[in-house]
Structure formats: C-alpha cells, structure tokens
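Visitor: Submitted below is the structure of interest, expressed as structure tokens.
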Amino acid sequence: MEQRFECCSKMIYFTIAIALMLLTFALVVIALWTLIADVLAGKSDAFRVLESVGLIIVSVAIFDVSKFLIEEEVLRDRELRSVREARRSLTKFMTIIIIAISLEALVIVFETTREHVQLLLYPSLLLLSAVLALVGLGFFQWLSSKADVMLPRESPTSEQEAQDGKVESTVSPS
C-alpha cells in the first residue's frame, strides 16, 4: 500500500512539474512574440522590453520550481534522511525564490522610475523583502551549521554527494 502511495505521489509531482515546464515555455513564447510584434509594429520601447524581461524572469522562477520538484520529489526519496539533506533542499528552494523576487523587483524598479517615481515604495519593499529573505537564509544556514557540528558524521546519502567531494573518503593514501 505504501509503495502505491509513493508511486502515485511521484506521478502527481511529475505531472505538476511537467505542467509548470509547459507553462514556462508558453510564457517565454508569449514574451518573445509580444516583443517581436511590438518591434515589427514600431511600438517597441524600453518599457515593452522590460515587460518581456519580467515575463521571462517569472518563467525562469517557475522552471526552477518545476526542476526542484522533479529533483527532490520524483528522483529522490520523498523523505529527507538527514539534517544536511533537509538544509540543502531548503536552501536550494529558498535560493530560487530569492533570485526570482530580486530580479522581478529590479524590473519593477526600472519600470516604475520611468513612469511613476512616486510609486517607487512597492518595488523598494519588494527588493527589501528579497534582502530580508537572503539574510534569513544566511541566518538559517549559520544556525543549522552550528547544529550540524553536534551531529555525528553520516554516511553519504547519495552517490552524487560522494562524487561531489562533499563527503570525505575513508580510504587513506598508500
């Protein structure tokens, strides 16, 4: 029964990830199509380019989330086996979110300063939230590394970690 649930769960995550990837592709196509149509119609300006950049930034964030779902929920076991693995997974996900918020905030800052400088408060707060999220992630890393020192050294949870050199080899040179 548990294996069926696990298989069904992985299929659902995979389907959602593929749907997100398709939506990402659609957003990129829409952004490029709109930009090309504006250029051909002679309506191209920096504001329209920034709108396309904003769509592409959102699509990159959505693609990263779908990639994260496949890597963490489909290809690996759903259960996080160690504190290190949980920290790595959470850090990866938060980094995706922080990058997306930062890039979107920058695009909105450029758009706002061009048209309505008096509305600069919202993009500034958005950028501040990205900075605070980054500081929070750093604080989380610091705290979890302190807790990590107290835990006994675990064996590698995957071949990839061992190959990446994240886990020291126990074989001594002869």
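What follows draws every value from the coordinates through simple rules; no lab data is involved. Predicted, not measured: the structure shown is a model, and the values here were computed from it. Please note: Cβ atoms are built from the backbone with ideal geometry, for glycine as well, and neighbour counts cover all protein chains shown.
Visitor: What spacing in nm lies between the two simple spin-label points modelled at residue 117 and residue 92, each 7 Å away from Cα in the Cβ direction?
Guide: With each label point 7 Å from Cα toward Cβ, the separation is 4.5 nm.
Visitor: Additional query: Explain nothing, just compute: Karplus ³J(HN,Hα) = 6.51 cos²θ - 1.76 cosθ + 1.60, θ = phi - 60°, for every residue of the range 96-113 in order, whole Hz, x for Gly and Pro.
Guide: Running phi through 6.51 cos²θ - 1.76 cosθ + 1.60 with θ = phi - 60° gives 4, 5, 5, 5, 5, 5, 4, 5, 5, 4, 5, 4, 5, 4, 5, 5, 5, 5 Hz.
Visitor: Dipole of the range 80-150 (Lys/Arg Cβ +1, Asp/Glu Cβ -1, origin at the Cα centre): which of 113, 150, 86 lies farthest to the positive side?
Guide: Farthest along the dipole direction, towards plus: 150.
Visitor: From the phi angles alone, apply the Karplus equation (6.51, -1.76, 1.60; θ = phi - 60°) to the range 134-141 and give each ³J(HN,Hα) in whole Hz, x where the residue is Gly or Pro.
Guide: Per residue, the Karplus-derived 3J(HN,Hα) values read 5, 5, x, 5, x, 5, 4, 4 Hz.
Visitor: Tell me, 11, 1 in order of fewest to most beta-carbon neighbours within 10 Å?
Guide: Details: 11 11, 1 5.
Arranged by neighbour count, lowest to highest, 11, 1 become 1, 11.
Visitor: In debye, nearest 20: dipole of the range 7-71 around its Cα centre with unit charges on the Cβ of K, R (+) and D, E (-)?
Guide: Once rounded to the nearest 20, the dipole reads 140 debye.
Visitor: Follow-up question, since we're still on this one. Spelling out what I want: for every residue of the range 17-29, take phi, set θ = phi - 60°, compute 6.51 cos²θ - 1.76 cosθ + 1.60 (Karplus), and round to whole Hz; glycine and proline get x.
Guide: 5, 5, 4, 5, 5, 5, 5, 4, 4, 4, 5, 5, 4
Visitor: Need one word for the range 1-132: rounded, prolate or oblate. Basis is the Cα gyration tensor (sqrt eigenvalues a ≥ b ≥ c); a/c below 1.5 gives rounded, then a/b vs b/c decides.
Guide: Because a/c hits 1.5 or more and a/b fails to exceed b/c, the range 1-132 counts as oblate.
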